[in-house]
């Protein structure tokens, strides 16, 4: 019995040091990468980025046009799918025990021309990039 107690007293602090979130009682500890909710949320996040890119006003082929003193400026935005990061964390809520955090880069592109037709023939350049973070909760196996 003493040997078992000694093993527990030695093993538990080592386990707590290996996972500091557990040691501190972190209520929103990140789940292990192989947890099924990671792939579930990753699929959701990928489809969300696709939906965002479909719904932005303006595209490369049909940008938003702004007439200025110097000609026409074509603009469009795009969420960079290759910048997508996802994390799933546990919460203390019984109604929504998990949250999913998705981060991506949204880039604004612009092209200048003398007329609307020339805007799309000119190369578009990145003029602004911003980091976007969205947080979703899992309710009845659906991300909201």
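Testing the spin-label approximation: label points 7 Å from Cα along Cα→Cβ at residue 129 and residue 105. State their distance in nm.
Between residue 129 and residue 105, the simple spin-label model gives 0.2 nm.
If each Cα of region 86-144 is one equal point scatterer, what is log10 of I(q)/I(0) from the Debye formula at q = 0.26 Å⁻¹?
Here the Debye-derived log intensity ratios amount to -0.98.
Tell me the Rg and the Dmax, in Å, that the Cα atoms of region 25-143 produce.
Spelled out, the Cα radius of gyration and Dmax of region 25-143 are 19.1, 61 Å.
Please give, to one decimal in nm, the separation of the simple spin-label points placed at residue 85 and residue 68, each 7 Å out from Cα toward the Cβ.
3.3 nm
Calculated FRET efficiency, residue 30 and residue 50, Cβ-Cβ r, R0 22 Å, to nearest 0.05? Could the numbers behind the result be given before it?
Details: r = 25 Å, r/R0 = 1.13.
Once rounded, the FRET efficiency stands at 0.30.
Laboratory data are not the source of any read-out in this text; all were calculated from the coordinates shown. Note that the structure is a prediction, hence the values are computed from the model and not measured. Using ideal geometry, Cβ is built from the backbone for each residue, glycine included, and neighbour counts are taken over all protein chains shown.
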